[in-house]
Amino acid sequence: MNSPARAFWLASPGEGEIREVPLPEPAEGEVLVRSLYSGISRGTETLVFRGQVPRSQYAAMRAPFQEGDFPGPVKYGYLNVGVVERGPAGLLGRTVFCLYPHQTRYVVPASAVTPVPESVPAERAVLAGTMETAVNALWDAAPLVGDRIAVIGGGMVGSSVAALLARFPGVRVQLVDTDPDRARTADALGVAFAAPEDALGDCDLVVHASATEQGLARGLELLAAEGTLVELSWYGDRSVALPLGEAFHSRRLTLRASQVGTLSPARANRTYAERLALALDLLADPALDALITGESGFDELPDVLPKIASGEIPALCHRIAYPGVLT
């Protein structure tokens with residue numbers, strides 16, 4: 001047996017701790033990974049930290065290498081970048097991304113890790129899971145050249161979607177958020193910014209990622225006739241009222257859900273591995289560093305997550321650096 005690893009566990013809603021965990025010897029076809037960085041996905045991990053995962057969604061919300069069960073104790077997370085210390089020759093020494101929780105070292109099947117391209121620094125690769133969500137969202141949304149588009153919610157997911165849309169020729173893209181500080185993020189990504197009351201209407205497409213009832217309602221208002229709103233927000237155990245009266249039917253609007261756990265039917269010929277590899281390739285753009293708004297050490301996690309959940313740390317992606325990593 002190897003020396004124990006250390007992992008962040010949610011002991012109970014609102015209370016996290018670092019635990020020693022056993023680390024098995026890697027078997028044939030497995031890799032031993034030493035973590036370099038992990039990322040805190042503010043939206044989902046905040047809901048988990050607060051114990052707000054609905055009982056009906058316990059199975060659907062399980063992370064690939066989660067241990068324990070909701071609401072806790074549970075080891076949860078899915079944005080991990082590390083280096084392969086033991087495993088097949090083709091992976092040995094490679095920097096890889098894995099949907100693994102916050103843990104110093106771990107053993108997984110070799111098929112569970114994706115090599116990070118040399119053009120993408122490990123520090124930025126923690127965004128791969130969020131970029132994968134954005135890729136799936138745009139497969140669902142199917143934007144066209146010249147579309148008028150609003151992305152409502154300038155968090156990790158919304159900003160990632162806006163960054164990809166900025167590359168489409170001829171589109172008008174606005175990132176819409178109530179926080180004026182998101183204007184800096186929009187500028188770094190090369191898209192326009194607007195407060196909700198100032199957002200441009202007549203949109204062919206709205207991507208909603210604010211996880212608020214008000215944002216969803218505003219998104220429907222901004223659509224042109226026959227327009228589509230793609231809903232990326234996940235509301236946990238909250239109910240949401242939709243304004244489906246007034247002109248919703250006469251304007252023949254479409255409301256479509258998108259969720260990264262299911263490949264878009266428009267790309268049914270792709271695998272999950274291919275989608276993740278594409279997401280990593282897209283992270284070669286240095287502008288995406290604007291989505292990483294802070295960094296803490298691994299041992300600080302029990303103190304950092306409550307501050308992110310309360311808003312004291314107003315993070316997009318908050319990066320965690322592991323022992324031995326120079327920052």
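The values are calculated or read from the model by the stated rules, or taken from the named source; none is laboratory data. Because the structure is a prediction, the values reported are computed rather than measured. Virtual Cβ from ideal backbone geometry, glycine too; neighbours counted across all protein chains shown.
Here are the numbers for this structure:
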| item | result |
| --- | --- |
| Tally of residues being within 25 Å of Met156 (Cβ to Cβ) and out of contact with any Pro (no Cβ under 7 Å at 6 or more places or on another chain) across the stretch 228-253 | 12 |
| Test: residue in the stretch 136-146 that is closer than 30 Å to Pro196 by Cα, more than 19 Å from the chain's Cα centre (by Cα) and crowded, with 18+ Cβ neighbours inside 10 Å | yes |
| Residue among Glu30, Glu17, Glu45 that is of a type outside the set (S, T, N, Q), under 30 Å from Ser233 (Cβ atoms), buried (at least 16 other Cβ atoms within 10 Å of the Cβ) and outside the structural domain of Thr212 (by TED's automatic domain parsing) | Glu45 |
| Selected residue [in the same structural domain as Ser239 (by TED's automatic domain parsing) and in contact with a Phe, Trp or Tyr (Cβ under 8 Å, 6 or more places away or on another chain)] from Pro101, Pro143 | Pro143 |
| Which listed residue, of Ala162, Ala199, Ala183, is over 20 Å from Gly236 (Cβ atoms), touching a strand residue (DSSP E or B) at 6+ places or on another chain (Cβ under 8 Å) and free of Cβ contacts under 8 Å to residues at least 24 places away in the same chain | Ala183 |
| Qualifying residue in the stretch 242-258 (condition: surrounded by fewer than 16 Cβ atoms within 10 Å (Cβ to Cβ) and within 23 Å of Ile40 (Cα to Cα)) | no |
| Some residue of the stretch 121-128 being assigned to a helix (DSSP H, G or I) and not hydrophobic (A, V, I, L, M, F, W, C) | yes |
| Residue count, the stretch 64-94 (criterion: among the aliphatic types (A, V, I, L, M), over 19 Å from Gly14 (Cα atoms) and surrounded by 15 or more Cβ atoms within 10 Å (Cβ to Cβ)) | 5 |
| Tyr272 vs. criteria closer than 21 Å to Val48 by Cα, out of contact with any Gly (no Cβ under 8 Å at 6 or more places or on another chain) and among the aromatic types (Phe, Trp, Tyr) | no |
| Residues (under 22 Å from Gly82 (Cα atoms) and part of a loop (DSSP other than H, G, I, E, B)) located in the stretch 8-63 | Pro22, Leu23, Pro24, Glu25, Pro26, Ala27, Glu28, Gly29, Arg62, Ala63 |
| Selection from the stretch 209-245 of residues that are more than 26 Å from Arg50 (Cα to Cα), of a type in the set (Gly, Ala, Ser) and either assigned to a loop (DSSP other than H, G, I, E, B) or touching a strand residue (DSSP E or B) at 6+ places or on another chain (Cβ under 7 Å) (or both) | Gly219, Ala224, Gly227, Gly245 |
| Hits in the stretch 189-216 - residues which are modelled with pLDDT of 95 or more, more than 24 Å from Gly146 (Cβ to Cβ) and of a type in the set (A, V, I, L, M) | Ala195, Leu216 |
| In the stretch 262-302, residue surrounded by the most Cβ atoms within 10 Å (Cβ to Cβ) [restricted to those that are among the charged types (D, E, K, R) and assigned to a helix (DSSP H, G or I)] | Arg275 |
| In the stretch 303-326, residue surrounded by the fewest Cβ atoms within 10 Å (Cβ to Cβ) [restricted to those that are assigned to a helix (DSSP H, G or I) and hydrophobic (A, V, I, L, M, F, W, C)] | Ile308 |
| Checking Phe97 against (1) surrounded by fewer than 16 Cβ atoms within 10 Å (Cβ to Cβ); (2) modelled with pLDDT of 95 or more, the condition it does not meet | (1) |
| Sole exception among (1) farther than 29 Å from Thr293 by Cα; (2) out of contact with any helix residue (DSSP H, G or I) (no Cβ under 9 Å at 6 or more places or on another chain) for Glu30, by number | (2) |
